[in-house]
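See below for the structure under consideration.
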Amino acid sequence: MEENRENQAAEQSNGSRQKRETPGWLKVLLRILASIFTALLVALAVVLVLNRDQLNLDSVKRYLTYQALERTDEGQGVEFTISSESGNVYAALSDSLVVCNANHIWVYSDGGTAYVDMEAALAQPVIQTAGSYALVYDAGGGELYLFSGRVLVWEYETEGDYELISARVNDQGWLAVAEQATGYKAAVTVYDAGQNKVITENISSSFVMDALVSPDNSQVALLTIGQDGMDFVSTLTLYSCTDGSETASAQVSNNVVLDLSWDDGGLWLQEENGVRRLDTELQEVGSWTESSYYLQSYSLQDGYAVEYFSYYRSGALGEIVVLDEQGEIVGTLDTEGEVLSVSAAGRYITVLTDSALTVYTADLEEYAAMENTEGALRVLARSDGTAMLIGRDTAHVFLP
């Protein structure tokens, strides 16, 4: 009996192994599928290597973001009509275009829908964008408008006949507004993302040129200009947004400072003849100067600066220079044709000439190009690698 039970158990075990054994045809199919999968991985690796400059996270974002955008046969965004009035000012805002002039403000989608179409009195309109925010104000006037995406979230008007000197918004929606004030040369007020007043600095000793809030909202920087003997001196002063106390101050230039930018690593100062980089303690860490040529345009980005100088006051010949935070040159580009517009955003630099649009990476390596740009007069770079091309009365998105 015991022997019979052992034989039965052995037969059952052999039967189970036979049931579990993979059929030969399935083994062949699995080997074929494995070979195909390996070949696909090798092909994908080759494609990624050959197109590593074009295939990145931004290309994936573009694919997902612009799937629904109406396109031409060439794969570009369809042109849409915009205002053709003289004095128009333009700015790129995420996947939108902001346009304003002395009488009007528009915010267009990439497809041309006017989500904002409002009248406004802006004798000298200025647009400043950061992240998903756009700030439109009248320099020397009293009107200010803040947009979050395509929605107007705040309107501000100065008291009496006081004038706005400057206004800035950062990526978090915090604002620094400089304006005239009774008994002072200027008052600079910081507002949080809910447009609540945080602090006000009243300045009486020098003239305020500009002000902006730090990326972490902890400080506000005031750029002032005063006299030292016969010379004009620009000074940058930092104040705490907690209690208004002064945290740092430094004379930053004997030249006119045209623009300021503040990122996590420090501040950029754009001057007439070059650019200067300061750390968060206002110590200079780098600078670059070109006094022989004429500054035509510039862009101050997170970690790098773009300077476009021409050899003559009017003319096409010149050079585009990209500088790192130490003021070292990381890329140059000679310009021979007529340069209509230079713009930078994120890791991309766009150059529009009378014959083509070219998108470069931040080291001036070519990323994408388009030759048929007839009618385009201006380009606005966007951080995902796309660009907005603007003509006299039309605009459309360039999709690499």
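The values are calculated or read from the model by the stated rules, or taken from the named source; none is laboratory data. Predicted, not measured: the structure shown is a model, and the values here were computed from it. Glycine gets a Cβ as well: all are built from the backbone with ideal geometry, and neighbour counts include every protein chain shown. Accessible surface is based on the protein model in full, side chains and every heavy atom, while ligands, DNA and RNA are left aside. Shrake-Rupley method; radii C 1.70, N 1.55, O 1.52, S 1.80 Å.
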Can you spot a residue in region 70-82 that is in contact with a Lys or Arg (Cβ under 7 Å, 6 or more places away or on another chain), at pLDDT below 95 and open to solvent by 50 Å² or more (accessible area, probe 1.4 Å)? no
When you go through (1) surrounded by fewer than 14 Cβ atoms within 10 Å (Cβ to Cβ); (2) not in a loop (DSSP other than H, G, I, E, B) one by one for Asp243, which number turns out not to apply? (2)
Within region 78-101, residues out of contact with any Asp or Glu (no Cβ under 6 Å at 6 or more places or on another chain), within 14 Å of Ala387 (Cα to Cα), in contact (Cβ under 8 Å) with a residue 60 or more places away in the chain and not aromatic (Phe, Trp, Tyr) come out as Glu79, Ala91, Ala92, Ser94, Leu97
Condition check for Asp58: surrounded by 19 or more Cβ atoms within 10 Å (Cβ to Cβ) and more than 28 Å from Leu175 (Cα to Cα): yes
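What are the residues in region 164-183 that are free of Cβ contacts under 8 Å to residues at least 24 places away in the same chain and either of a type outside the set (Ser, Thr, Tyr) or surrounded by 15 or more Cβ atoms within 10 Å (Cβ to Cβ) (or both), if any? Write out each step before concluding.
The first filter runs over region 164-183 and keeps only residues free of Cβ contacts under 8 Å to residues at least 24 places away in the same chain, leaving 179-183.
Within region 164-183, Glu179, Gln180, Ala181, Gly183 qualify.
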Can you tell me how many residues in region 319-334 are more than 16 Å from Thr289 (Cβ to Cβ) and among the small types (Gly, Ala, Ser)? 1
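Tell me, which strands (runs of 3 or more DSSP E) wholly within region 296-350 include 1 or more residues that are among the acidic types (Asp, Glu), surrounded by fewer than 21 Cβ atoms within 10 Å (Cβ to Cβ) and in contact (Cβ under 8 Å) with a residue 12 or more places away in the chain? Steps first, please.
On the way: elements: 305-310, 318-323, 329-335, 339-345.
In region 296-350, the matching strands (runs of 3 or more DSSP E) lie at 318-323, 329-335.
Residue by residue, here is whether (1) free of Cβ contacts under 8 Å to residues at least 12 places away in the same chain; (2) under 24 Å from Pro215 (Cβ atoms); (3) buried (at least 19 other Cβ atoms within 10 Å of the Cβ) holds:
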| residue | (1), (2), (3) |
| --- | --- |
| Asn103 | no, no, no |
| Ser109 | no, no, no |
| Pro125 | no, no, yes |
| Gly131 | no, yes, no |
| Tyr137 | no, yes, yes |
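State all residues of region 204-221 that are part of a loop (DSSP other than H, G, I, E, B) and either more than 11 Å from Ser234 (Cβ to Cβ) or open to solvent by 50 Å² or more (accessible area, probe 1.4 Å) (or both); if no residue qualifies, say none.
The first filter runs over region 204-221 and keeps only residues part of a loop (DSSP other than H, G, I, E, B), leaving 204-206, 214-218.
Those that are part of a loop (DSSP other than H, G, I, E, B) and either more than 11 Å from Ser234 (Cβ to Cβ) or open to solvent by 50 Å² or more (accessible area, probe 1.4 Å) (or both): Ser204, Ser205, Ser214, Pro215, Asp216, Asn217, Ser218.
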Report, ordered by the first and then the second residue, all pairs with beta carbons closer than 7 Å, sequence separation of six or more or different chains, a first member in region 252-275 that is under 17 Å from Gln128 (Cβ atoms), and a second member that is polar (S, T, N, Q) and open to solvent by 10 Å² or more (accessible area, probe 1.4 Å). Leu267/Ser261; Trp268/Ser261
Single residue of Asp192, Asp231 found to be acidic (Asp, Glu), free of Cβ contacts under 8 Å to residues at least 24 places away in the same chain and surrounded by fewer than 16 Cβ atoms within 10 Å (Cβ to Cβ): Asp231
Return the residues of region 239-280 that are under 16 Å from Val306 (Cα atoms), in contact with a Gly (Cβ under 8 Å, 6 or more places away or on another chain) and charged (D, E, K, R); say none if nothing qualifies. Asp263, Arg276, Arg277
What are the residues in region 83-101 that are at pLDDT 90 or above and polar (S, T, N, Q), if any? Ser83, Ser84, Asn88, Ser96, Asn101
Filtered residue count, region 358-391, keeping only those that are touching a residue at least 24 places away in the same chain (Cβ under 8 Å), part of a loop (DSSP other than H, G, I, E, B) and open to solvent by 60 Å² or more (accessible area, probe 1.4 Å): 5
